[in-house]
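A.B. asks: Got a structure for you, questions after.
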Amino acid sequence: MWPSVFGPGWQWGVLVALAFLSLVLGVLGFLLLVVFRSSREGTEGLDPLWHRAEEGDLTRAEFERIRLARSAQFRPGGVPK
């Protein structure tokens, strides 16, 4: 009964359908991973820090101290002061 329902070569059709489904799900999963990944803390650059210094929230010395600490944090073997 089953061979007459599915027809000859139905195994290859199921295999192709599963391969296509896994390809589509893989692409969608990759896109969701890229879109919803969390950004690492402190990698946004100096723009927010510079804005705080322009507004008067940070003095020039504080700005330099934080800038040097961030650059040392991402340098291999760097230890923030």
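The values are calculated or read from the model by the stated rules, or taken from the named source; none is laboratory data. Quick caveat, the model's predicted, so the values are computed rather than measured. With ideal geometry, Cβ positions are generated from the backbone for all residues, glycine too; neighbour counts draw on all protein chains shown.
A.B. asks: Kindly indicate whether any position in the range 1-8 is at pLDDT below 75, among the β-branched types (Val, Ile, Thr) and assigned to a helix (DSSP H, G or I).
C.D. replies: Yes, there is a match, as at least one residue in the range 1-8 is at pLDDT below 75, among the β-branched types (Val, Ile, Thr) and assigned to a helix (DSSP H, G or I).
A.B. asks: Please list, ordered by first then second residue, the pairs with beta carbon atoms under 9 Å, 6 or more apart or interchain, first in the range 52-73 and outside any loop (DSSP other than H, G, I, E, B), second among the polar types (S, T, N, Q).
C.D. replies: Pairs found: Ala53/Thr59.
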